[in-house]
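Here's the structure, in C-alpha cells; my notes come after.
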Amino acid sequence: MTEKIPLVLLPAFMSTRALWEPQINALADIAEITVVELTPYDSVVKMADAVLDRAPERFALAGLSLGAFAAFDILRRAPERIMRLALISTSARADAPERLAARKKQIEAVRAGRFEEVVEGFLKVLQPSGQPWSPEVLESVRQMVHEAGQDCFFRQQDAMKNRVDSREILGSIACPTVVIHGRDDQSWPFENGDEIARLIPGARLEVIETAGHFPTLSQPEATTAALRAWLIENSS
C-alpha cells in the first residue's frame, strides 16, 4: 500500500474546516489530512507558527485566500518543510489603499452593531459574478461564517490588513506548485492567480470555470480533481 501524503489545509477568512469538507472526504485515500484552524489568530505570523507547530516535519500545504497568506509566511521561514504547495483563490500582493479603506469601513460597521449586514455583503462577494450559489452552498457558508463569529472577524481583518507583499518570494519557490483560481472570483479576481502562477517557476494554473472565491464548496469535483493531480504528480 502506498504511503499517504501528509497534507495540511488552511481555511480562508471567517472559515473553518467545513470549507474543505468535500476534499477531506475525497482525498482521504491518498492523503493524511490535517486542517489547522486560523480563527484564533490576529496575524499571519501567528497563523504560520500554529501550522509549523502542528504539522509533520515535511508536508504538502494548501491554503485558500487567507490560508495562502499564512502559507507565504511559512515559505519565508521554513521552505524546506514544504513538499508541495497549492494556492487557491488568493493574491500575493499586499492590500492596495482602496482595499484597506474598504476593510476599515467594514470594521467600523461591525463595531456599530451591523455584523449581519456586513456578513450578507461578504457572502455576495464570495459568489461568482452572475452565477449565484445553490441555496445549500449559500446556507453552508453562512453557517460557517457565523460559527467563526464577530471576534474572529476583527482578528482576521487585522491579519489581512497588516500582511506584507509576497511577490518577492515567489521566484524562489521550488516545490511542485498548483495555483487554483475561480474564473469568476469577485473577491480576488482571476488576474491575481494568473500573476502568482507566472511568478512561481514551473507552477501549474488550474482555472475553475463558473467558480467564485470558494471553489472547494461550489465546484468541489473540479477542485478536488486539481488537488488530486497535484498530490500524485511525480510521487512514485
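The values are calculated or read from the model by the stated rules, or taken from the named source; none is laboratory data. Please read these numbers as outputs of a predicted model, since none were measured by experiment. Because the Cβ atoms are built from the backbone with ideal geometry, glycine has one as well, and the counts that use them run over all protein chains shown.
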### Summary
Of the residues in the range 212-236, those that are at pLDDT below 95 and not in a helix (DSSP H, G or I) come to E233, N234, S235, S236
### Query
If you take the residues in the range 37-55 that are surrounded by fewer than 18 Cβ atoms within 10 Å (Cβ to Cβ) and in contact with a Ser or Thr (Cβ under 8 Å, 6 or more places away or on another chain), which one is farthest from F214 (Cα to Cα)?
R54
### Query
Within the bounds of the range 60-74, is there any residue that is surrounded by fewer than 17 Cβ atoms within 10 Å (Cβ to Cβ) and of a type outside the set (V, I, T)?
no
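It is to be established whether one or more residues within the range 47-59 are among the basic types (K, R), closer than 29 Å to Q127 by Cβ and touching a Pro at 6+ places or on another chain (Cβ under 8 Å). First the steps, then the outcome.
We begin by selecting, within the range 47-59, every residue among the basic types (K, R); these are 54, 58.
The next check asks that each one be closer than 29 Å to Q127 by Cβ; those that pass are none.
Within the range 47-59, not a single residue is among the basic types (K, R), closer than 29 Å to Q127 by Cβ and touching a Pro at 6+ places or on another chain (Cβ under 8 Å).
Here is a list: A28, A12. Which entry is surrounded by fewer than 17 Cβ atoms within 10 Å (Cβ to Cβ), of a type in the set (A, V, I, L, M, F, W, C) and either outside any strand (DSSP E or B) or within 16 Å of the chain's Cα centre (by Cα) (or both)? Step through it out loud before you land on a result.
Numbers: A12 fails: surrounded by fewer than 17 Cβ atoms within 10 Å (Cβ to Cβ).
Matching residue, one of A28, A12: A28.
Each row is one residue, and each column tells you yes or no for (1) loosely packed, with under 14 Cβ neighbours inside 10 Å; (2) free of Cβ contacts under 8 Å to residues at least 40 places away in the same chain.
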residue: S129; (1), (2): no, no
residue: W133; (1), (2): no, no
residue: R142; (1), (2): no, yes
residue: D151; (1), (2): yes, yes
residue: I173; (1), (2): no, no
residue: T177; (1), (2): no, no
residue: E191; (1), (2): yes, yes
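State yes or no: is D42 more than 27 Å from S218 (Cα to Cα), touching a residue at least 24 places away in the same chain (Cβ under 8 Å), out of contact with any Pro (no Cβ under 9 Å at 6 or more places or on another chain) and in a loop (DSSP other than H, G, I, E, B)?
Yes.
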